[in-house]
Amino acid sequence: MHRAHLPGYAGRLEELARLCRDAGMEPVFLTQPALYGEAIDDVTGADLAVVEVDREHLLNGRAAWELLELYNDVTRTVGGQQGVLVVDVARALPKSSRLFYDFVHFTNEGAAAVARITFASLCPFLARRFPQYATQACAGAAS
């Protein structure tokens, strides 16, 4: 059922990339992390694969993550095809209730972690893409 929506999602991402570039902006995509999936929460010890995520659609953590990853995979694919930097926050951010105050919203610590993950990819990308504006090295960023 959800797979039928993926081509439309891909088309919207392609259109966003085009609109950004037409306006002289460099698009950057981020994948969506969540506090569910195949993991044990390091704070509570809860198995995040079996937690109830969506009662109406009968989704546990495993099923909800598999669904979200369909969209994240489209983001990764379209980003690669369009030459758009994709910051894979979904894979880089640990599944920990220290970082989320519900399944998808970040605590202050989580927002800071997302910022660090984004910086680690974005800074070297921008330094390579726009070297004339780089004023210092990307300390702590992946090259």
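Each value in this text was obtained by applying a stated rule to the coordinates, not by laboratory testing. In this text the structure is predicted, and so the values were computed from the model without any measurement. So basically every Cβ, Gly included, is an ideal-geometry build from the backbone, and we count neighbours across all protein chains shown.
Key figures for this structure:
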| item | result |
| --- | --- |
| FRET efficiency, 1/(1 + (r/R0)^6) with R0 30 Å, evaluated for Ala39 and Tyr133 via beta carbons | 0.20 |
| Cβ-derived FRET efficiency at R0 22 Å, His2 paired with Leu58, nearest 0.05 | 0.95 |
| Per DSSP, loop GluC sites (Glu not before Pro) in the stretch 26-85 with at most 10 further Cβ within 10 Å | Glu56 |
| Gain in span if fully extended, Arg18 to Ala92, counting 0.36 nm per residue against the direct Cα distance | 24.0 nm |
| Helix-only [θ]222 nm of the chain, DSSP H runs n ≥ 4, -39500 (n - 2.57) each, per residue, nearest 500 | -15000 deg cm²/dmol |
| Relative exposure of Tyr133, Tyr36, judged by other C-beta atoms within 10 Å (fewest first) | Tyr133, Tyr36 |
| Positive minus negative residues near Arg18 (Lys, Arg vs Asp, Glu; Cβ under 15 Å) | -2 |
